[in-house]
Amino acid sequence: MKIAANFFTYLFHPLLLPTYSFAFVIYTNPFLFGNYGPYSWVLVLKVFMNTFLFPVFSLLIMYQLGFIKSFVMDDAKERIIPYISTMVFYIWTFSVFRNSGDPLLLSVIMLGSCLSASAAFVINLFRKISLHATGMGALLGLAFGNAFFSTHNLIPLLMLVAIIAGVVGTSRLILNAHKETDVYLGYFVGFILQVVAFRLSF
């Protein structure tokens, strides 16, 4: 069970979820990105670099400088500087897509990510919150909003995302990385703030 839990923990790492979100939106909205051709997946690569590679590189630097003891960061206080660093990259990516002329749905994803990361940062000052659950809650909120606005039947994909979110949260509990309340709080924060991002943008 722990092997499977570790697998899902790494596969759906919070820093990878913006990339998955972009891929999800592009896959489920082919007409919206029909004129982009292969460039639509270049957008996914851009997000992968800005929201995963750059934050991971900054974490490596923090580790070498002694700001963090490990990449697990069990101590909530140890997460403060990585949080700030990641939020800088997220806000930067949001501003890029907001002013790029690309479909609004892409900036909605990054707005939800920025809001979720900011809320998690504030909550982290007082108690631990599951970032995996926060990210999956945001992805679930995106799938919900996408299904609501789309003319296609995306309910099966929405259900699939909900199942994956449950598996990821359960994996964190199996690994004793969080308490149940940390996971539930993460789901709630991520989902609500991604829905808020939709409401603010449309």
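Every number here is computed from the coordinates shown, using simple stated rules; none is lab data. Nothing here was measured: the structure is a model prediction, and the numbers come from that model. Reconstructed Cβ throughout: ideal geometry from the backbone, glycine too, with neighbour counts over all protein chains shown.
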Legend entry - In the chain, lysine pairs closer than 24 Å at Cα, eight or more apart or cross-chain: 9
Inset, instruction - Using only the Cα atoms of the range 1-86, each taken as one equal point scatterer with no solvent, compute I(q) by the Debye sum, divide by I(0), and report log10 of the ratio at q = 0.11, 0.16 Å⁻¹. - result: -0.42, -0.76
Inset, instruction - Work out how much length Y36 to S100 would gain on full extension: take 0.36 nm times their residue separation and subtract the Cα-Cα distance, in nm to one decimal. - result: 21.7 nm
Inset, instruction - Just flag the chymotrypsin sites (Phe, Trp or Tyr not before Pro) in the range 62-170 sitting in loop per DSSP whose Cβ has no more than 11 other Cβ atoms within 10 Å. - result: F71, F126
Inset, instruction - Between the alpha-carbon centers of the range 76-116 and the range 1-56, tell me the distance in whole angstrom. - result: 14 Å
Legend entry - Descending principal axes extents, the range 2-201, alpha-carbon based, whole Å: 47, 33, 31
Inset, instruction - Go through the range 142-150 residue by residue and turn each phi into a ³J(HN,Hα) via Karplus (6.51, -1.76, 1.60, θ = phi - 60°); whole Hz please, and just put x for glycine and proline. - result: 5, 4, 5, x, 5, 5, 5, 8, 6
Legend entry - For the range 62-167: Kirkwood Rh in Å [reciprocal of mean 1/r, alpha carbons]: 15.4 Å
Inset, instruction - Calculate the length of the line joining the C-alpha centroid of the range 118-134 to that of the range 156-202, in whole Å. - result: 12 Å
